[in-house]
Amino acid sequence: MDASTHTQIYAERRARVAAALGPGGIAIVPTAPERARNRDSDFLYRHDSYFYYLTGFTEPNAWLVISAEGATTLFCQPKDLEREIWDGIRLGPEAAPAVLGVDEAFSVAELAQRLPRLLENRRTVWYPFATHDGLESRINGWLQPVRARVRYGALCPESQRDLCGVLDEMRLVKDAHEQAIMRRASRISAQAHIRAMQRSAAMLRAGQDVREYHLDAELLHAFREQGSQYPAYGSIVAAGANACVLHYRADAAPIRNGELVLIDAGCELDGYASDITRTFPANGRFTGPQRTLYELVLASQDAAVAATRAGARFVDPHDATVAVLAQGLLDVGLLDANKVGHAQDVIANRSYFQFYMHRTGHWLGMDVHDCGSYVEPAEVGTVSERKDPLSGEIIKDRPSRILRPGMVLTIEPGLYVRPAEGVPEAFWNIGIRIEDDAIVTATGCELITRDVPVKADEIEALMRG
């Protein structure tokens, strides 16, 4: 993609925002701040997703202002030879209009001086609520000089509105440009998972001490080697019983023959996340109980994939997963029908929750848990109540989101079996999750993460290689 086409994508997004602001509206979007990690050292910088979505600009200390008429103003770091020697080349406000396609740009040092004038005679100020600490206070501070000028005929904005809703709806459906990036990110992540699987088996065959951090290192190496800027989130590399901890982080636990390893990891590429989970035998061969539960989880994922298509509800893949797991848990003996009843009873009473306690997916995009409402906007006023069978609390339900082509979500069922009374010991400490990323299409969905195998036999064949 040439630079002009790339710039046009962001310009079109800014124009869509401008059209949503209403007469006299103005929007203010900051990027993320830099954050200190320890003395004289910051965390690796990552831009704000909303800001990047509208600009493609990755430098810190930047702000974007959009008026309802479509005028766009950027505030960014000024050119500074001394700081650029230390921190890298800055774009600077002089070059920003030509490079980014904004109408005008100024030094961020002029923000406090210029914002009141931009806010003057506006009806509504839009900004992302509850996303940046202190943003509301700063905007209120910029409004004070505007109020001071009302005696001279200036008008002060009368309302403030949340820009997140506008941007969330825009970001929920990915365009062709975004989908292409997410496919590339998925390919990179798939190769990283393959490397980790193969290293686990190879080191065990060689009689070497294998630790979770060895496989984490393979992931990081593959991400960066193929051009990814960062991991999309802290990689989960969980050996044995650690796989039953949902948000376990790669640590130093040994990876042993006969155990499973659960890896939940994905790279971020050009601002977009991928998110893959695979569970595999550390030595490359499933035991009988491991394969039994693995095949059950895979069957539940197959059902969820079949339920993912335009026109379906977001909740449909989860319901399809639970239906398969409920019957499967009875079939393998993890649940006793004499105690919990039939599969429909298991679903109604949430008896499966002991072994499966999370949803089957989430939106995916610039953020690994991406923005976007899970409720269908046109039906938000339709509310039903039910009593949760486990907690006893009253839950208010609204109609789930209707899936549309271009939405991207994860499909990630799992089973997590901790030692407990009545649980067959053969299944103790087995944690399994299988996760793929899906682009919704008119007739189904496109799984963009299947470059890494998912069938048990294919995983075993891969790990023998």
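Throughout, read-outs are computed from the coordinates displayed, never taken from laboratory work. None of these values were measured; they are calculated from a predicted model. Cβ placement follows ideal geometry from the backbone for every residue including glycine, while neighbour counts extend to all protein chains displayed.
Here are a few things to note about the model shown:
- DSSP finds beta bridges in the chain, and of those with both partners inside it, around 80 percent are antiparallel.
- Exposure proxy ranking, count of Cβ atoms within 10 Å, fewest first, for Phe314, Phe129, Phe51, Phe106: Phe129, Phe106, Phe51, Phe314
- Contact order, relative form, for the chain: 13 percent (alpha carbon pairs under 8 Å, 6 or more residues apart, mean separation divided by residue count).
- Screening the chain for whole DSSP H helices with an alpha carbon extent of at least 24 angstrom along the helix axis and a mean Kyte-Doolittle hydropathy of at least 0.5 yields 315-332.
- Under 5 Å between amide hydrogens, built in the peptide plane, is the criterion, and for Ile276 it picks out Ala265, Gly266 among residues at least 5 positions away or on other chains.
- Virtual spin-label span in nm between Leu246 and Asp388, 7 Å along Cα→Cβ: 1.1 nm
- Neighbourhood net charge (13 Å Cβ-Cβ; Lys/Arg +1, Asp/Glu -1) for Asp345: +1
- With K and R counted +1 and D and E -1, the other residues having a Cβ less than 9 Å from that of Val146 yield a net charge of +3.
- Alpha carbon centroid spacing (whole Å) that separates the stretch 353-385 from the stretch 217-273: 24 Å
- 13 Å beta-carbon shell around Arg123, net charge (K/R +1, D/E -1): -1
- Here the stretch 439-457 and the stretch 149-165 have alpha carbon centers that stand 48 Å from each other.
- Full extension of the chain segment joining Ala109 with Ala176 gains 20.4 nm, where the gain is 0.36 nm per residue of separation less the Cα-Cα distance.
- Ellipticity at 222 nm from helices only: DSSP H runs of n ≥ 4 in the chain, each -39500 (n - 2.57), divided by the residue count, give -11500 deg cm²/dmol.
- If R0 is taken as 35 Å, the Cβ-Cβ distance between Ala442 and Arg35 corresponds to a FRET efficiency of 0.25.
- Working from label points 7 Å from Cα in the Cα-to-Cβ sense, the Ala15 to Asn121 distance is 2.5 nm.
- Note on Asn429 and Arg224: the extension gain reaches 70.5 nm, defined as 0.36 nm multiplied by sequence separation minus the Cα-Cα distance.
- Relative contact order of the stretch 261-327: 22 percent, from C-alpha pairs under 8 Å at least 6 residues apart in sequence.
- Applying 1/(1 + (r/R0)^6) with R0 = 45 Å to the Cβ-Cβ distance of Trp86 and His369 gives a FRET efficiency near 0.85.
- Taking amide hydrogens as placed 1.01 Å from N in the peptide plane, the amide H of Tyr230 sits under 5 Å from those of Glu268, each at least 5 positions away in sequence or on another chain.
- Within the stretch 3-171, antiparallel bridges make up roughly 50 percent of the DSSP beta bridges whose residues both belong there.
- Relative contact order computed over the stretch 236-356 (Cα-Cα under 8 Å; 6+ residues apart), in percent: 15 percent
- Residues listed by number, the stretch 1-37, amide nitrogen under 18 Å from Val380 label point at 7 Å toward C-beta: 17, 20-22
- Separation between Cα centres of the stretch 388-413 and the stretch 30-94, rounded to whole Å: 36 Å
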